[in-house]
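Enquirer: Submitted below is the structure of interest, expressed as structure tokens.
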Amino acid sequence: MEDCLAKKMEITVSEAEKRTGRNAMNIQETYTAYLIETRAVESQSEGQCAPVESLWRRYSEFELLRNYLSVTYPHIVVPPLPEKRADFVWHKLSADNMDPDFVERRRIGLENFLLRVASHPVLCQDRIFYAFLMQEAGWKEMVNETGFQLKADSRLKALNATFRVKNPDKRFTELKHYSDELQSVISHLLRVRARVADRLYGVYKVHGNYGRVFSEWSAIEKEMGDGLQSAGHHMDVYAASIDDILEEEEHYADQLKEYLFYAEALRAVCRKHELMQYDLEMAAQDLTSKKQQCEELATGTVRTFSLKGMTSKLFGQETPEQREAKIKVLEEQIQEGEEQLKSKNLEGRDFVKSAWADIERFKEQKNHDLKEALISYAVMQISMCKKGIQVWTNAKECFSKM
């Protein structure tokens with residue numbers, strides 16, 4: 001971790017800007033660009049700082065970077081991006097992806113993504129990631145030149161491997177179940193939070209009604225007027241604070257959403273392992289088949305029914321020369337298959353070792369982050385309740401002085 005990029009460079013997404021341009025289809029579109037600022041952390045004397053480098057990136061470029069990292073490092077739980085469009089929001093907040101409040105939360109999420117990658121012991125050393133931070137022109141071409149799209153596994157192939165692997169690794173099977181449950185639990189928690197936010201909004205607005213009623217009442221009461229007006233003022237201030245409070249709540253919700261999306265990153269690692277296991281089993285099956293064919297040709301016996309065997313019986317046996325030639329070809333294929341199987345076994349063991357080390361790192365990070373987020377959320381709720389109690393305490397004092 002001492003060598004990670006986050007220790008050597010300050011990285012911020014400092015600004016979001018609405019822009020209008022034309023897409024690949026030459027259709028005018030409105031999009032948001034984000035200003036990435038970086039500065040080297042240098043051990044210089046006090047008062048001297050390295051210059052700030054800056055460039056603009058679109059959300060789609062962040063997506064391209066993450067896709068590249070996911071394909072290039074399949075054994076790593078790659079940090080997720082913040083949502084492109086708002087989900088699990090309480091209905092008083094806008095779900096528009098161009099809404100200023102949402103854009104601001106996404107800016108924070110994109111900065112967090114970059115810091116996650118820069119803090120990762122492997123991802124931080126990637127040259128494409130470094131170029132993303134430092135090189136605005138020609139970066140997309142650099143990514144495409146890596147050919148990472150050709151390495152991407154198709155969904156059909158991944159689905160096929162899921163259902164046809166005969167000996168899945170129990171650890172990865174359990175991890176996939178865990179990621180499904182984690183996603184389900186966090187989704188449910190976010191839905192509950194949105195419902196609570198709606199009710200809370202209603203409670204605060206009711207206090208606004210109290211404020212209006214007390215103010216109107218104070219106008220017709222000579223002796224009690226001052227006390228009623230003061231109580232109404234406390235209610236109005238309390239009611240007006242709800243918008244800022246619930247916007248702050250959304251930041252805590254975004255911390256939970258990050259791990260909602262991390263669940264998919266976990267499943268991606270599991271899918272890659274399934275694909276490797278499937279390829280290994282297919283290679284072993286093909287090798288066994290070729291060995292059997294070679295044995296049958298050498299002994300002249302056929303163990304299992306085959307169209308080839310029936311053809312030999314109907315149209316005569318092969319000559320010794322033809323049989324020897326086929327045996328020779330099969331022996332070469334068997335030798336090549338054994339080498340491939342050995343290579344796939346070694347690749348699989350390396351993948352499991354690297355993946356599990358990264359999963360353990362992720363679990364430690366997850367436990368720390370979720371603990372902090374939930375504690376902060378609880379502290380905020382307690383603070384809100386105390387403010388409510390204080391409002392009614394102040395109102396009580398106002399009423400007592402009437």
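Enquirer: Look at ALA355 and say whether it is among the small types (Gly, Ala, Ser), touching a helix residue (DSSP H, G or I) at 6+ places or on another chain (Cβ under 6 Å) and closer than 30 Å to LYS176 by Cβ.
Expert: yes
Enquirer: Could you check the range 166-198 and list, in sequence order, the residues that are touching a residue at least 40 places away in the same chain (Cβ under 8 Å) and small (Gly, Ala, Ser)?
Expert: SER179, SER187, ALA194, ALA197
Enquirer: Given (1) within 25 Å of PHE351 (Cα to Cα); (2) touching an Asp or Glu at 6+ places or on another chain (Cβ under 7 Å), identify the lone condition not met by LEU159.
Expert: (2)
Enquirer: Now for a different question. Given the criterion under 30 Å from ASN394 (Cα atoms) and not in a helix (DSSP H, G or I), identify the matching residue among GLU221, GLU216, GLU136.
Expert: GLU221
Enquirer: For the range 111-133, enumerate the residues that are assigned to a loop (DSSP other than H, G, I, E, B) and touching a Leu at 6+ places or on another chain (Cβ under 6 Å).
Expert: Result: no residue meets the conditions.
Enquirer: Would you point out which residue out of GLY202, GLY208 is in contact with an Asp or Glu (Cβ under 8 Å, 6 or more places away or on another chain) and open to solvent by less than 70 Å² (accessible area, probe 1.4 Å)?
Expert: After ruling out the rest, the residue left standing is GLY208.
Enquirer: Oh, and also: Given the conditions (1) aliphatic (A, V, I, L, M); (2) in contact with a Phe, Trp or Tyr (Cβ under 8 Å, 6 or more places away or on another chain); (3) within 30 Å of MET276 (Cα to Cα), and given that VAL391 satisfies all but one, which numbered condition is not satisfied?
Expert: Tallying (1) aliphatic (A, V, I, L, M); (2) in contact with a Phe, Trp or Tyr (Cβ under 8 Å, 6 or more places away or on another chain); (3) within 30 Å of MET276 (Cα to Cα), VAL391 fails exactly one: (3).
Enquirer: Can you say whether GLU181 is under 17 Å from ARG271 (Cα atoms) and open to solvent by 10 Å² or more (accessible area, probe 1.4 Å), as far as the supplied structure shows?
Expert: On the way: under 17 Å from ARG271 (Cα atoms): yes; open to solvent by 10 Å² or more (accessible area, probe 1.4 Å): yes.
Against the criterion (under 17 Å from ARG271 (Cα atoms) and open to solvent by 10 Å² or more (accessible area, probe 1.4 Å)), GLU181 qualifies.
Enquirer: Right, next: Can you tell me which residues in the range 163-177 are of a type outside the set (Asp, Glu), loosely packed, with under 15 Cβ neighbours inside 10 Å and out of contact with any Cys (no Cβ under 9 Å at 6 or more places or on another chain)?
Expert: Let us first name the residues in the range 163-177 that are of a type outside the set (Asp, Glu), namely 163-168, 170-173, 175-177.
Filter again for loosely packed, with under 15 Cβ neighbours inside 10 Å, leaving 163-164, 166-167, 170-171, 173, 177.
Matches in the range 163-177: PHE163, ARG164, LYS166, ASN167, LYS170, ARG171, HIS177.
Enquirer: Sort out which residues of the range 211-234 are closer than 24 Å to LYS386 by Cβ and either free of Cβ contacts under 8 Å to residues at least 40 places away in the same chain or surrounded by fewer than 14 Cβ atoms within 10 Å (Cβ to Cβ) (or both), and write them in order of number.
Expert: GLY211, PHE214, GLY232, HIS233, listed by residue number.
Here's the yes/no breakdown for (1) within 30 Å of GLU248 (Cβ to Cβ); (2) modelled with pLDDT of 85 or more:
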| residue | (1), (2) |
| --- | --- |
| ARG155 | no, no |
| ASN160 | no, no |
| ARG171 | no, yes |
| TYR178 | no, yes |
| GLU181 | yes, yes |
| SER184 | yes, yes |
| VAL192 | yes, yes |
| ARG199 | yes, yes |
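Enquirer: Could I ask something else about it? Residues being closer than 30 Å to VAL213 by Cα, open to solvent by less than 20 Å² (accessible area, probe 1.4 Å) and not β-branched (Val, Ile, Thr): count how many of those fall in the range 235-294.
Expert: Taking the range 235-294 as the starting set, the residues that turn out to be closer than 30 Å to VAL213 by Cα are 235-249.
Retained after the next criterion (residues that are open to solvent by less than 20 Å² (accessible area, probe 1.4 Å)): 235, 239, 242, 245-246, 249.
Next, from what is left, pick out any that are not β-branched (Val, Ile, Thr): 235, 239, 246, 249.
Total meeting the criteria: 4.
Enquirer: Say whether the condition of being part of a strand (DSSP E or B), open to solvent by 30 Å² or more (accessible area, probe 1.4 Å), in contact with a Leu (Cβ under 7 Å, 6 or more places away or on another chain) and modelled with pLDDT under 95 is met by at least one residue in the range 67-89.
Expert: Within the range 67-89 (the criterion being part of a strand (DSSP E or B), open to solvent by 30 Å² or more (accessible area, probe 1.4 Å), in contact with a Leu (Cβ under 7 Å, 6 or more places away or on another chain) and modelled with pLDDT under 95), the answer is no, since none of the residues qualifies.
Enquirer: For residues that are farther than 17 Å from TYR252 by Cα and acidic (Asp, Glu), scanning just the range 351-385, find the one that is least open to solvent (accessible area, probe 1.4 Å).
Expert: Per the stated criteria, the residue is ASP358.
Enquirer: May I pose another question? Looking only at residues that are among the aliphatic types (A, V, I, L, M) and in a loop (DSSP other than H, G, I, E, B) in the range 25-64, which one is modelled with the lowest pLDDT?
Expert: Filtering first and then ranking leaves MET25.
Enquirer: While we're here: Against the condition open to solvent by 50 Å² or more (accessible area, probe 1.4 Å) and either over 30 Å from GLY227 (Cβ atoms) or in contact with a helix residue (DSSP H, G or I) (Cβ under 9 Å, 6 or more places away or on another chain) (or both), how does VAL196 come out, does it pass?
Expert: It is true that VAL196 is open to solvent by 50 Å² or more (accessible area, probe 1.4 Å) and either over 30 Å from GLY227 (Cβ atoms) or in contact with a helix residue (DSSP H, G or I) (Cβ under 9 Å, 6 or more places away or on another chain) (or both).
Enquirer: A further question follows. Return yes when ALA355 is in a helix (DSSP H, G or I) and either modelled with pLDDT of 95 or more or in contact with an Asp or Glu (Cβ under 9 Å, 6 or more places away or on another chain) (or both) and no when it is not.
Expert: On the way: in a helix (DSSP H, G or I): yes; either modelled with pLDDT of 95 or more or in contact with an Asp or Glu (Cβ under 9 Å, 6 or more places away or on another chain) (or both): yes.
When the stated conditions are applied, ALA355 passes them.
Enquirer: Return the total of residues in the range 145-162 being open to solvent by less than 80 Å² (accessible area, probe 1.4 Å), polar (S, T, N, Q) and assigned to a helix (DSSP H, G or I).
Expert: Qualifying residue count for the region: 2.
Enquirer: Follow-up. Go through (1) among the hydroxyl-bearing types (Ser, Thr, Tyr); (2) over 18 Å from the mean Cα position of the chain (by Cα); (3) farther than 24 Å from ARG199 by Cα and name the single condition TYR238 misses.
Expert: The failed condition is (3).
The values are calculated or read from the model by the stated rules, or taken from the named source; none is laboratory data. Here the structure is a predicted model, which means the values were calculated and not measured. Cβ coordinates were reconstructed from backbone atoms using ideal geometry, including for glycine residues, and neighbour counts include every protein chain displayed. Side chains are part of the model used for accessible areas, which takes the heavy atoms of the whole protein and leaves out ligands, DNA and RNA. Shrake-Rupley method; radii C 1.70, N 1.55, O 1.52, S 1.80 Å.
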